[in-house]
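Read the structure below first, then the notes.
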Amino acid sequence: MKDVMRLKSSLKEDIEKALNAQIAMEAFNSAHYLAMGSWCDRNGYDNSAEYFYKQAEEEREHMLKIFRYVADMGGTAISPDVKNVPNDFDSFRSVFEKALESEVETSLAINRLIDICRKNHDYMTEKFLHWFLQEQIEEEFKARRALELFDVIGEEGVGRFMIDEEVTKIKYEG
């Protein structure tokens, strides 16, 4: 019965392609956050490692949410091949800079997806993507706040230790 229901998809080809590209981006982001967590672990930043491991799991959940949507709408969700994930970073601060860059890129990608939906009059997919817009507000806030800790606390002396402690306390209240 389920196969019969999937014979036709309401997703237009370019929207399905764009959603699969977003699936790949979310998978890469998850792997990238895992690498960031591993780097922090190797360098003694245990709290930051946990922060990035949690972010990795969230990105994987985002990937699965889109993956399931494509499948549920009768499209073909493609399992992404994740390659070229950087595993080394220049500094503690650079890990958080990369995280912010990643979140901004993701926000821009979601905006482009919504633009494609509007051009194709696909209001169902646009409505689905609104959850991701709200999520990106939170993700960018947390990434910015984590990076701000470097400027507020500073890295000298016990600064990195304090930053590592404060990262776990970042909450979005919006």
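Any read-out appearing in this document is the output of simple, stated calculations on the displayed coordinates, not a laboratory observation. Just so you know, these numbers come straight off a predicted model, no measurement behind them. All Cβ positions, even for glycine, are placed from backbone atoms using ideal geometry, and neighbour counts span all protein chains on display.
Angle, helix 46-72 long axis vs. longest principal axis of the chain, Cα atoms, 0 to 90°, nearest 10?
0 degrees
How tilted is helix 123-153 with respect to the longest principal axis of the chain? Cα atoms for both, answer in degrees (0 to 90, nearest 10).
10 degrees
Exactly which trypsin sites (Lys or Arg not before Pro) in the range 1-96 are in a DSSP loop and have at most 15 other Cβ atoms within 10 Å?
Arg6, Lys8, Lys83
Residue farthest toward the positive end of the dipole of the chain, with Cβ of Lys/Arg at +1 and Asp/Glu at -1: which of Ser91, Ala109, Tyr33?
In the chain, that residue is Ala109.
In debye to the nearest 20, how big a dipole does the range 87-174 give about its Cα centre with +1 on each Lys and Arg Cβ and -1 on each Asp and Glu Cβ?
420 debye
Between Arg118 and Ser91, what is the label-to-label distance in nm when each label sits 7 Å out along the Cα-to-Cβ direction?
4.0 nm
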